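Notes follow once the structure below has been shown.
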Amino acid sequence: MAGGKARKEKPKPNAAAHAPYQGGISFHKSKGQHILKNPQLVDSIVQKAGIKTTDTILEIGPGTGNLTKKLLEAGKAVIAVEVDPRMVLELQRRFQGTPLSNRLKVIKGDVLKTDLPYFDICVANIPYQISSPLTFKLLNHQPSFRCAIIMFQREFAMRLVAQPGDKVYCRLTVNTQLLARVSHLLKVGKNNFRSPPKVDSSVVRIEPRKPRIEVKQKEWDGFLRICFNRKNKTLGSIFRQKSVVTLLEKNYKTVQALKLSGQGLMEDNDNKMDFSRLGDNNEDLNMDVDDDDDGAEEEMEVEDGDVEGEPSEFKDKVLAVLKEGDFEEKRSSKLTLQEFLYLLSLFNKAGIHFS
C-alpha cells in the first residue's frame, strides 16, 4: 500500500511436511492413504496370501510400492490400480530399470470405475470408504479369481466374518457369505501405518464360491431387507406388520396377473447376476451396531396389525409359510445362510415374491 510498510506475507506451510514419504510425497488422509511401514507385516500378508509363482496379482492402492515389491517377487505379474498420479509416478520410478519392471503393469484410475483385467489373486490395502462397493465389485468379477486378501477397517471386517448370533451379524454378512467364504487372518494395529489411521484394521481372506449359489438378486435383496429390518424380532412379528403384508400382497397380485397374461416372472433381467448394489447403502459404511437392529440399515415403515384393520387371508398365507418351515419364532440375527435360502424357497413355492 502506498505510503505504508509493505506487509511481509508468511510462507504457506508445505503440505508435504505433514505426512512425508521418504521421497517427499505427502499422504492424503481424506483419500484413505495410509501406507504400510512394518516390513514384517508386509511379509506376513504375502505369506498368508498363498501366492503361486504362476499367479497374476491384482493390487489395489499400491501407494509407494512397499507391498508391490514383495508381490512382484512372489508371483508372475502384478497389475496395480492407483488413482493418485503422484503415487503412479513414484511406483514407476521405484521399479524402473530393475528386473521387476517388466512384470508390473500400473493402471491409473479409480478402481470402482475401472474394468478389471484377468487376475488370479487380489492383495490390497484399500481406502476404507470404498470397502463395501469394492468387495461386491470383486465378487461380481468374471472370470472368478481364486481369493482376495484385503485389509479392512476392523469393524467392517468383523461384519464380513460374523456368524449367526454375533452382535454385528447383518445383511452385509449374509450377502457376502452368499457369494464367498470369508475368514479372518490378521489383526493390524494403527501404528503399523504411516500416517496412523484413527481405527485398527484386520486382514481378511475372501474366496468366491465355486459354483455360485444361484439366486435372483432383486428377489434376494428384497427378502433380506425385510428380514433384517428388525433383526432381533421374531420373523412372525416382522411378517405380521401391515407394511410388509401389503407389499407382499401387491407383489403376489402382480405375479398372478403376469401369469394370466402369459408374460412369466421376472422379465426385468433379474436373472443376470449383478451384486454391485448389495453393499452400497449406509449400513455398510456406518459401524455403529444397535442391540435391536443394525441402526444404519434402511428401515421400512413399521406398523403392526392386520391389513385395513380386518383379518387378512393373505396374511394367513404368509404366516403359513413361516409355520411350515418352523420359522415363526426364529430371528434373523440367528439364521444361517442355508436357512435364509430355504425360507425364501418356501415363500416362492407359495407364490410369494419380494421383487
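Any read-out appearing in this document is the output of simple, stated calculations on the displayed coordinates, not a laboratory observation. Predicted model, so just to flag it, every value in this text is computed and none were measured. Positions of Cβ are generated from backbone atoms using ideal geometry, with glycine treated the same way; all protein chains shown enter the neighbour counts.
Listed values, structure above:
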{"item": "Total lysine pairs whose alpha carbons fall under 17 Å of each other in the range 133-257 (8 or more apart, or interchain)", "result": "10"}
{"item": "Rounded FRET efficiency, nearest 0.05, which uses the C-beta distance separating Gln40 from Arg225 and R0 of 30 Å", "result": "0.10"}
{"item": "Relative packing of 339-351, 212-224, which averages over residues the other C-beta atoms within 10 Å, highest first", "result": "212-224, 339-351"}
{"item": "For the range 178-268, projected area of the alpha-carbon convex hull averaged over all directions, nm²", "result": "10.3 nm²"}
{"item": "Relative contact order (percent, whole number), the range 29-208, Cα cutoff 8 Å, 6+ residue spacing", "result": "23 percent"}
{"item": "For the range 29-208: span of alpha carbons on each principal axis (Å, largest first)", "result": "54, 36, 29"}
{"item": "Spacing of the two label points (7 Å from each Cα toward its C-beta) at Ser144 and Leu112, in nm", "result": "2.6 nm"}
{"item": "Dipole moment magnitude, nearest 20 debye, the range 29-208 about Cα centre, only Lys, Arg, Asp, Glu C-beta charged", "result": "320 debye"}
